[in-house]
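Before any comments, here is the structure.
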Amino acid sequence: MMHTVLLDKAKHNRRHFDCGIEPLNHYLKVMASQQGKKDNTRTFVLEDEHDSTILIGYYTLTMTPIDLTALPDALQKKHQSASSGGLIARLAIDDRYKGKGFGEWLLIDALRKLVSASDSVAFPMVIVDAKDGAKHFYERYGFQALQDAENKLFITIADVRVSFE
Ligand SMILES: CC(C)(COP(=O)(O)OP(=O)(O)OC[C@H]1O[C@@H](n2cnc3c(N)ncnc32)[C@H](O)[C@@H]1OP(=O)(O)O)[C@@H](O)C(=O)NCCC(=O)NCCS
């Protein structure tokens, strides 16, 4: 069965990862492991089933402030005392593995982890930082654009929970 593991720089071959977007490649190669060590972000990877040193894709999770004014009115009121949301800071699939459902699988895996985190340290929504074309990818799964933030989308934890039921 497929499962994600924490990025392990001693094991995983990060140099050959190429999702076509250089900042996302660079983050995995240079930043992700250090940032994890410092407890600033957490990066999970999906390994190729035939060679666990090869990475199919990765995502990075952390927290981010909620900009209440970017939310629809009803949600602004409901969450006015909340300060942070879970952030899918990055999510990328290597070019050789695109279009096979791995992106969807990784997104669902990330959302499961975030719902579970929210069960312990409540936060009301997940925010995602989507690069240009990827916005439509997230909209397919119920993410909505934040107002005045071109590349940021959100989904409430409540809606994620419902979709998992
Ligand atoms: C966006 C990305 C994660 C999708 O991964 P993937 O493994 O190719 O996607 P999947 O095969 O799981 O696709 C799932 C569904 O989303 C659709 N989809 C994939 N990319 C899409 C996009 N950019 N826009 C809209 N829909 C998209 C697929 O057609 C598929 O739909 P279907 O089930 O009806 O066929 C991947 O293309 C990627 O890594 N892109 C570069 C990095 C990036 O932009 N990351 C996001 C911002 S940080």
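The values are calculated or read from the model by the stated rules, or taken from the named source; none is laboratory data. Please read these numbers as outputs of a predicted model, since none were measured by experiment. Glycine also receives a Cβ, built like all others from the backbone with ideal geometry; neighbour counts cover every protein chain displayed. Protein only, heavy atoms only, side chains kept; ligands, DNA and RNA dropped before computing areas. Shrake-Rupley method; radii C 1.70, N 1.55, O 1.52, S 1.80 Å.
As a quick test, which of the pairs LYS78/LYS100; LYS100/LYS135; LYS38/LYS98; LYS37/LYS135 have an alpha carbon distance above 28 angstrom in this structure? Walk me through the numbers on the way to the answer.
Numbers: LYS78/LYS100 38 Å; LYS100/LYS135 18 Å; LYS38/LYS98 31 Å; LYS37/LYS135 30 Å.
Over 28 Å apart, Cα to Cα: LYS78/LYS100; LYS38/LYS98; LYS37/LYS135.
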Subject >> All-pairs alpha carbon distance profile, the range 4-164, 5 Å steps from 0, percent >> reply: 2, 9, 18, 21, 20, 15, 9, 4, 2, 0
Subject >> Net dipole in debye of the chain [+1 Lys, Arg Cβ; -1 Asp, Glu Cβ; about Cα centre; nearest 20] >> reply: 360 debye
Subject >> trypsin sites (Lys or Arg not before Pro) lying in DSSP loop within the range 115-165, provided at most 11 other Cβ fall within 10 Å >> reply: ARG140
Original post:
Helix 102-120 sits at what angle to the longest principal axis of the chain, using alpha carbons and giving 0 to 90 degrees rounded to 10?
Top reply: 50 degrees
Subject >> GNM top mover of LYS78, LYS29, LYS113 - the chain, alpha-carbon springs below 10 Å >> reply: LYS78
Original post:
DSSP beta bridges in the chain, what fraction antiparallel, as a percent rounded to 5?
Top reply: 90 percent
Original post:
Using the C-alpha atoms of the range 1-69, what convex hull volume per residue, in cubic angstrom, is computed?
Top reply: 118 Å³
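How large a share of the accessible area of the range 19-136, in percent, is made up of carbon and sulfur atoms when the probe is 1.4 Å and the other protein chains stay in place?
Carbon and sulfur together cover 52 percent of it.
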Original post:
Heavy-atom accessible area of MET63 with all protein chains present, probe 1.4 Å, nearest 10 Å²?
Top reply: 90 Å²
